[in-house]
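A.B. asks: Please see the structure below; I have some questions.
The values are calculated or read from the model by the stated rules, or taken from the named source; none is laboratory data. What you see is a predicted model, and the numbers here were worked out from it, not measured in a lab. In this analysis, Cβ positions are derived from the backbone assuming ideal geometry, glycine residues included, and neighbour counts consider all displayed protein chains. Please note that ligands, DNA and RNA were not included when accessible areas were found on the heavy atoms of the full protein model with its side chains. Shrake-Rupley method; radii C 1.70, N 1.55, O 1.52, S 1.80 Å.
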Amino acid sequence: PNVSLAPTSSSTPNKASDPSSSEQKLSDSKVKELIKDNIPDIDPLDLDFSDLTMDQTTVEEEKPKQFVFMMTGMNDAEKKMCSGVVENLGGQLISSVGFDTRCTHLIANKPNRNEKFISSLGSGIWALHPSYMTVSQKQGSWADERQFTWDNFTADLIGINKSLGDAACKWIGKKAFQSWRVVLCISSSKIRSFKGIVEAGGGCVVQEKPPYSVQSGTTHAFFESSQPSAEVPVGALIEAGVHCLKLEYIPEYLIHGYEQSKLESFLIEAARKSLRNMTSSSKNVTTSSKRSIDTSLTGTPSKRTKT
């Protein structure tokens with residue numbers, strides 16, 4: 001039935017405003033029935049939340065870019081200049097002997113195999129020529145880093161310095177040692193630096209001093225000497241599939257990104273010896289097994305015919 005919400009006429013002037021009037025007041029059940037009849041059924045799966053997702057993405061994209069600087073190989077005048085630029089344009093300058101994982105930009109006088117430059121490559125941050133600072137200061141804002149990575153300035157460099165400079169863009173935004181679990185069999189004076197390098201690149205140092213053991217999941221062991229002390233279980237590491245390598249493999253890996261098939265040239269001599277022994281043992285086992293099979297088939301050991 002049609003229900004009118006308009007007031008009805010009445011000969012009594014005040015009757016229309018009387019809240020208790022049965023002609024004017026709708027019952028609660030009738031109101032609920034009207035509301036229910038006029039609301040369409042909505043399947044929650046049909047709701048579109050794309051706008052909310054887009055808004056969230058926009059917020060993430062608008063997160064301020066970080067400019068946290070370190071310097072290496074710079075003289076006092078260059079350090080003062082860089083400090084002034086950071087102060088003027090906004091950013092943070094970290095002064096420390098070792099690499100700091102908060103760093104986003106390394107300003108290097110030249111590429112070399114020191115802790116800061118190697119760590120900058122492995123951690124995927126910007127390794128930049130000092131001219132980045134002067135250009136940024138001149139234009140009054142931070143310049144485009146891609147124009148100032150060291151691979152753009154290697155024409156006059158030679159040897160390892162040139163190779164490291166050419167690798168400046170190879171790892172941007174990546175962690176070079178992400179899946180590495182490392183044993184460091186090196187002198188105590190070098191542990192801090194190389195542990196920092198591995199960890200900056202996303203790796204994990206599982207052992208750094210004796211007594212050494214074979215831990216599950218270990219991937220690499222690095223040595224200064226090709227013939228480490230007896231306290232290092234090289235044979236057990238090799239049997240567990242651990243790459244036992246010279247320490248210089250780390251910068252070479254950052255330069256070339258060696259695949260596993262090219263690891264052999266970096267194996268320490270003790271690892272080569274263990275591999276030869278394993279190969280020899282495997283051949284002996286194979287020969288012994290063949291003789292056992294021949295005996296079981298013929299009842300007598302097989303004999304080779306002399307030639």
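A.B. asks: What translational D, rounded to a whole number of µm²/s, comes out for region 219-274 from Stokes-Einstein when the hydrodynamic radius is the Kirkwood one over Cα pairs, at 20 °C and 1.002 mPa s?
C.D. replies: After rounding, the answer is 188 µm²/s.
A.B. asks: Ok, one more. Rank these residues by their accessible area, most exposed first, probe 1.4 Å: LYS175, LYS63, LYS116, LYS246.
C.D. replies: Accessible-area ranking of LYS175, LYS63, LYS116, LYS246, largest first: LYS63, LYS175, LYS246, LYS116.
A.B. asks: Still on this structure, I have one more. In whole percent, what relative contact order does region 140-204 give with Cα contacts below 8 Å and a gap of six or more residues?
C.D. replies: 29 percent
A.B. asks: Among the listed pairs LYS175/LYS195; LYS170/LYS195; LYS79/LYS175; LYS170/LYS209, which are separated by more than 20 Å between their Cα atoms?
C.D. replies: LYS170/LYS195; LYS79/LYS175; LYS170/LYS209
A.B. asks: Output needed for region 176-274: three equivalent-ellipsoid semi-axes, defined as square roots of 5 times the C-alpha gyration tensor eigenvalues, in descending order, whole Å.
C.D. replies: They are 18, 16, 13 Å, listed from largest to smallest.
A.B. asks: What's the extension gain from LYS63 to SER141 if we count 0.36 nm per residue and subtract their Cα-Cα distance?
C.D. replies: 26.3 nm
A.B. asks: Just to compare against my own numbers: the Cα pair-distance distribution for region 121-202, 5 Å bins, whole % per bin, please.
C.D. replies: 3, 14, 17, 17, 18, 15, 9, 4, 2, 1
A.B. asks: Tell me, Kirkwood radius of region 79-174 from alpha-carbon pair distances, in Å?
C.D. replies: Taking the inverse mean of 1/r over all distinct Cα pairs, region 79-174 comes out at 13.6 Å.
A.B. asks: Something else: What spacing in nm lies between the two simple spin-label points modelled at ASN75 and THR279, each 7 Å away from Cα in the Cβ direction?
C.D. replies: 5.4 nm
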